[in-house]
Structures are given as structure tokens and as C-alpha cells.
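S.K.: Have a look at this one.
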Amino acid sequence: FGTSHGRWAQRAVLGDLHCGEMEPQLKLVFYTNTGKEETKFFTEQPLGLQFPDKMPIVIRRIRQGSQAEQLGVELGWTMQSIGGRQLDGMTIAQACATLHEASGPLRRCMLVRKPPLDAQSVTKLSAKLHSFEEAESVPLLKRFGYAALSAKSWETTVELPELHLGMIDGCREISNPRHHTWYAINGKIITGKGATTRQWLVERRLAHIRTLLHHPVKQELGKAYSHHFEKARFACHGAPPGTFTRIASWLAALSKAINSKALPPALVASILIFLEAPLLDETAGQALLTDESLRALASNEEAGREEESCKQDFSGNKSPQGADDESDDHTTTATTTTATTATTAATTTTEKQEEEEEEEQQQQQQQQQ
């Protein structure tokens, strides 16, 4: 949860019996736009709901693919009760705490990779990631759920998994050992026409995304690049304002290009490795997203772009429903302290220089190979 309110506790809200065990459920009661009462039972996190920082809680955004969308929650609905507790008389902070507390026991459906702090440069991360020969593309992709005939051609009789790439609303500054901005990429792979869904989060620097993801894709597509990324220009050097939006838009376009088989299997395999996508049989070695890490991801200048006090949403991969609100709904605007602003300004030039140096080194290595 990316939120600025309160300290959180957890309590179970149990519901129906599933597979011989009592599965936690969260009962939310809403008033619809016509005044009708609607009850929805949530069984997993993230909920996929976003609302302004004020009472009453009116749903303003719903992430596509989230359980909120699956359950039929609609924009404009007003939340009346959480797990049987009426919201009348509560402050927004109390309501957020209640929602967080009640949803705590729900199963979490997003897995998180640890940021590669020991490989912060492009060169080091490239060396750390698994390298493979083109001949290995087919068996490697199979482990992710993809069927290919060779490194350059896809299996035509089998549907590819549906890939969605997006961004968590926020990034974070890590100064270990050097100060860099890390962006949180949110991925989802749907296989078997919805039979299984794997969601994960991985953090990367802009230099990583540019050199190890953007450049190979652009080189591979050649003139066709403008067709697939016509409305998704990549982020500029130095991470100026708008970087987050550009990365998110570019990743969404990349998803569509992969899903349409516009990219060859070998490149898709390298992209999945770069993003540390979960394998079909992978169940270990991944950390669950914690409330602390989510707060860290949201507590930065970029998160102020779209501030909601209780953002029950970290699974969005496509453009969200509903428009961004620029009105007084956002009564709590994310601010950056003078110290943080000064630090960011001081490091922007350095990061730009490092990105350019790393790109040049990477290109030289590729030419030598």
C-alpha cells in the first residue's frame, strides 16, 4: 500500500470455505451512482481501487485486470463499510487504517525481486543477468510459458501468453553505494486464456532500461520501430519531469509488440530475463511486497503526480479507467523536502553523465563482440 497514513495492524476477515480451508475475505459495501447498495467480497491483494484523500470514499480509478474490475466495481461508487465496520464518522486516516487492517490477511498476488544493488551500472547488470545462446531460446522461453520454433520464429499453432508491463506509481532513491533513482516495473503474464496469472515487480535504473531494453528493441525493429512506438517516446537522459509517464507508456507499447509477435523469440527471452519474469514452476527465491517497501516506492517526487492517501492498487498494467483528477480532490499533495530536492538536483547531472558513459561502454563491447 502506498499511503502516508497511520501505523498498520492486521486482523482476519474470514469468509467462504475453499479447498478445505477457510480463505480470508474482505467484505466491502458500496452505494452505487443510483443509490443502490452493492456488496463485494475480495479475496486477494492488490484490490485495484483508488480514491481521493477525503471522505466519503468515492472510487475514482479502477486498475484494469484487478479484482475490483473483475467483481464489477464501478467508478463513482461510494464505500460505506469495510468488513462490517461503518465508515460514517471516520476521518480519511481512520478509514485508510481500517481498510489496510482488514485487507491485510488477503493473499498477495504480486512477487517482488530485490534490486540488484551489487550491479548498479549497465555493464555490471548485463554481466549479472543470465546470458544464453540463440539455440537456447526455445527451451528457455518454454520455462516462461512461451512456445517458439526457433530463435527467430514463433510457434503458429499455439497462442502466446499475454504480457502486460506497467509502472508502480513511484520510484525511490537508493544511495548504496551510489545515489541512483530506481523505477518499479510491474509485470503480469497471463497463460492458458486466464488459467494462470503471474505478477511481479522488478526495479531498474533508467540507464538499465534504456541500454538493455530500449536500444535492443529499437535496433531489432529498425524502421518498424516507429510503427509500434509511434505514441510512446522513450524517456530523455537525466530523468527530467515526465520520465515516469514516458517509461510507463513505452513499456505498454513494448507489451503490445511482444504480444503481437513483432519481436523474435530470442529478443523476447532476453527481455524476460532482464525483467526477471517468474518462471512457470518458480515458487521460491522471491520476496512478497511489503507495506514498508510500497511506502518507500511512493514517497518521492514522482509519486506526487497522482497522490491518493489509500492507494489499494499495485497491479495496474494498462491505462486506468477514469481520468486523472487535477481538482481539489487531491487535498494531500506529495511534497519534496528541500534536502531531497537539493540532492535530486545535484545528482541529475551526474546520473546523465553516468548513463552516457555506460551506454558508450556497452556499445563498444557489442562492437568488439
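Any read-out appearing in this document is the output of simple, stated calculations on the displayed coordinates, not a laboratory observation. Everything quoted here is computed from the prediction, not taken from an experiment. Positions of Cβ are backbone-derived with ideal geometry, glycine not excepted, and every protein chain shown enters the neighbour counts.
S.K.: Roughly how many nanometres apart are two label points built 7 Å out from the Cα toward the Cβ at residue 175 and residue 118?
M.R.: A separation of 2.4 nm, rounded to one decimal place.
S.K.: Please work out whether region 74-214 counts as rounded, prolate or oblate from its C-alpha gyration tensor, where a ≥ b ≥ c are the square roots of the eigenvalues and a/c under 1.5 means rounded, while otherwise a/b larger than b/c means prolate and anything else oblate?
M.R.: Judged from the Cα gyration tensor, region 74-214 comes out oblate (a/c at least 1.5, b/c at or above a/b).
S.K.: Moving on to the next point. What FRET efficiency do you get for residue 215 and residue 136 if R0 is 22 Å and r is their Cβ-Cβ distance, rounded to the nearest 0.05? Don't jump to the answer; show the numbers that get you there.
M.R.: Details: r = 22 Å, r/R0 = 1.00.
The pair residue 215/residue 136 has a calculated efficiency of 0.50.
S.K.: Can you tell me the FRET efficiency between residue 81 and residue 245 if r is taken as the Cβ-Cβ distance and R0 is 35 Å, rounded to the nearest 0.05? Don't skip to the answer; put the middle values down first.
M.R.: Details: r = 35 Å, r/R0 = 1.01.
My answer for the efficiency is 0.50.
S.K.: Highest first, please rank the peptides 116-125, 147-156 by the mean number of other Cβ atoms sitting within 10 Å of their residues.
M.R.: Ranked from most to least packed, the peptides come out as 116-125, 147-156.
S.K.: Right, something else. What FRET efficiency, computed as 1/(1 + (r/R0)^6) with R0 = 22 Å and r the Cβ-Cβ distance, is obtained for residue 273 and residue 23, rounded to the nearest 0.05? Before the final figure, lay out each step's value.
M.R.: Details: r = 34 Å, r/R0 = 1.55.
Between residue 273 and residue 23 the formula returns 0.05.
S.K.: Here is a follow-up. Pairs 36/193; 40/188; 27/142; 152/223; 152/256; 124/231: which exceed 30 Å Cα-Cα? Don't skip to the end; give the middle numbers.
M.R.: Details: 36/193 33 Å; 40/188 24 Å; 27/142 39 Å; 152/223 18 Å; 152/256 18 Å; 124/231 32 Å.
With Cα atoms farther than 30 Å apart: 36/193; 27/142; 124/231.
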